[in-house]
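Shown next, in structure tokens, is the structure this report addresses.
The values are calculated or read from the model by the stated rules, or taken from the named source; none is laboratory data. Quantities reported herein were computed from a predicted structural model and do not represent experimental measurements. Here the Cβ is made from the backbone with ideal geometry for all residues, glycine too, and neighbour counts use every protein chain on show. These accessible areas exclude ligands, DNA and RNA; they are computed on the full protein's heavy atoms, side chains included. Shrake-Rupley method; radii C 1.70, N 1.55, O 1.52, S 1.80 Å.
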Amino acid sequence: MEILRTVAELRRWSRSARCAIGNTIGLVPTMGALHAGHASLIRAARSACTHVAVSLFVNPTQFAPKEDFGRYPRSFEADCALAASEGADVLFAPPIEEIYPNGPNSTFVEVPGLSDRLDGASRPGHFRGVATVVTKLLLAAEPDLAFFGQKDAAQVAILRRLVTDLRFATEIVVCPIVRDADGLALSSRNAYLTPSERAQALSLCRAVRHVESLVAHGELRADVLIGAARQVFAAEPAVHIDYIAFVDWAALEPVAVAAPGTLFGVAAWVGSTRLIDNMVVR
Ligand code: AMP
């Protein structure tokens, strides 16, 4: 696996991969601290595409000033080993100035409306940063397919809107949430949790599973389902709910009745760590 540091190198790699008819490029954008969730995205890309790039960039513009940009986990050597073992052809790990050559006075990409809902409501500017960095990555790598996790379900809705609006020739592929054996959704931020917080954090997946089972038994009223999820969190008073929502997965607008494709999402603070989880009604 080759390590690329500049946009020009990534563009050269992508264009030369395209020279042969039938070649397809898959891109897996990440912020590093790779775990089995990221590995599943790389594997999906490997099985769908002839050429696979993984990007590793802790994007400063998607962190608010008081968020965890400075202490976000970084494990470059282990990330290289994982990406290589899952079959990535290149790892794109640029320095900040390669992505933001004009520093903070950069050109930004906004996806209006959607960016202020769910996680965007409590993290102003977050999705502007995400939309901007993903746009830059898509322009550089020109992938046929770009792989993202359902775990960040609002991000998926925003990126689907972005590629449609900007007419990117890239298809967004969404991969299922990978969980620990006890159900906790894998996240690079789980590394922040103390053992007791780790136990409290299970309330998120318990709430998701409880709602999933109520839906499977025919309960589709969003207010009842949200109330049931709140009951699960009531057993864990140290966990502070940010949102519990039933929304249309495309518009991220609340729905009154769950239907196939509806997204049930939760976000909560466990100590100083904000965690998310979700499920999509099938
Ligand atoms: P991140 O490095 O946290 O920005 O995540 C990079 C990509 O990995 C995003 O598309 C995430 O949705 C995805 N991802 C993160 N955690 C998981 C997980 N537990 N299961 C599946 N995909 C995940």
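When region 199-233 is filtered for residues that are surrounded by 13 or more Cβ atoms within 10 Å (Cβ to Cβ), of a type outside the set (Gly, Ala, Ser) and outside any helix (DSSP H, G or I), the ones remaining, listed by number, are GLU219, LEU220, ARG221. Residues that are surrounded by 12 or more Cβ atoms within 10 Å (Cβ to Cβ) and part of a helix (DSSP H, G or I) were ranked within region 16-35; the one that is nearest to the ligand (Cβ to nearest atom) is ALA17.
If we keep just the residues of region 136-147 that are open to solvent by 10 Å² or more (accessible area, probe 1.4 Å) and part of a loop (DSSP other than H, G, I, E, B), which is farthest from ASN59 (Cα to Cα)?
Of all residues in region 136-147, those open to solvent by 10 Å² or more (accessible area, probe 1.4 Å) come to 136-137, 139, 142, 144-145.
Filter once more, keeping what is part of a loop (DSSP other than H, G, I, E, B): 142, 144.
On the way: GLU142: 19, ASP144: 23 Å.
Among them, the one singled out is ASP144.
If you go through region 36-60 and keep only what is surrounded by fewer than 20 Cβ atoms within 10 Å (Cβ to Cβ) and of a type in the set (S, T, N, Q), you end up with SER40, SER47, THR50. Annotation note: Cβ proximity below 6 Å between a residue of region 60-89 that is touching a residue at least 24 places away in the same chain (Cβ under 8 Å) and of a type in the set (A, V, I, L, M) and a residue that is in a loop (DSSP other than H, G, I, E, B) and open to solvent by less than 40 Å² (accessible area, probe 1.4 Å) (sequence gap 6+ or interchain) occurs for LEU82/LEU34.
Quickly run through region 142-155 and pick out the residues that are within 15 Å of the ligand (Cβ to nearest atom) and in contact (Cβ under 8 Å) with a residue 40 or more places away in the chain. It would help to see each step written out before you state the result.
Pass one, region 142-155, residues within 15 Å of the ligand (Cβ to nearest atom): 143, 145-155.
Matches in region 142-155: PRO143, LEU145, ALA146, PHE147, PHE148, GLY149, GLN150, LYS151, ASP152, ALA153, ALA154.
In the condition set (1) outside any helix (DSSP H, G or I); (2) within 12 Å of the ligand (Cβ to nearest atom), VAL133 is compliant with all but (1). With respect to TYR100, is the statement that it is closer than 26 Å to PRO124 by Cβ, open to solvent by less than 50 Å² (accessible area, probe 1.4 Å), aromatic (Phe, Trp, Tyr) and more than 16 Å from the ligand (Cβ to nearest atom) true? Criteria met by TYR100.
Just give me the residues in region 175-191 being assigned to a helix (DSSP H, G or I) and either more than 13 Å from the ligand (Cβ to nearest atom) or open to solvent by less than 40 Å² (accessible area, probe 1.4 Å) (or both), in sequence order. So that I can check it myself, show each step before the final result.
From region 175-191, those assigned to a helix (DSSP H, G or I) are 188-191; that's our starting set.
The answer is SER188, ASN190.
The set of residues from region 264-274 being open to solvent by less than 10 Å² (accessible area, probe 1.4 Å), touching a strand residue (DSSP E or B) at 6+ places or on another chain (Cβ under 8 Å) and closer than 17 Å to SER188 by Cα comprises ALA267, ALA268, VAL270.
Of all the residues in region 49-70, those that are outside any strand (DSSP E or B) and either under 14 Å from THR132 (Cα atoms) or touching a helix residue (DSSP H, G or I) at 6+ places or on another chain (Cβ under 8 Å) (or both) number 11. Looking at the structure I just gave you, is SER188 of a type in the set (S, T, N, Q) and either closer than 28 Å to ARG160 by Cα or within 18 Å of the chain's Cα centre (by Cα) (or both)? Spelling it out, SER188 is indeed of a type in the set (S, T, N, Q) and either closer than 28 Å to ARG160 by Cα or within 18 Å of the chain's Cα centre (by Cα) (or both).
Yes or no, residue by residue, for (1) buried (at least 20 other Cβ atoms within 10 Å of the Cβ); (2) within 15 Å of ILE276 (Cα to Cα); (3) more than 16 Å from the ligand (Cβ to nearest atom):
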residue: ARG160; (1), (2), (3): no, no, no
residue: THR164; (1), (2), (3): no, no, yes
residue: THR194; (1), (2), (3): no, no, yes
residue: GLU197; (1), (2), (3): no, yes, yes
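Yes or no: ALA88 under 24 Å from THR6 (Cα atoms) and among the aliphatic types (A, V, I, L, M)?
Values: under 24 Å from THR6 (Cα atoms): yes; among the aliphatic types (A, V, I, L, M): yes.
Judged against the criteria, ALA88 is a match.
Determine whether region 114-123 contains at least one residue that is open to solvent by 20 Å² or more (accessible area, probe 1.4 Å) and within 15 Å of the ligand (Cβ to nearest atom). Looking through region 114-123, at least one residue is open to solvent by 20 Å² or more (accessible area, probe 1.4 Å) and within 15 Å of the ligand (Cβ to nearest atom).
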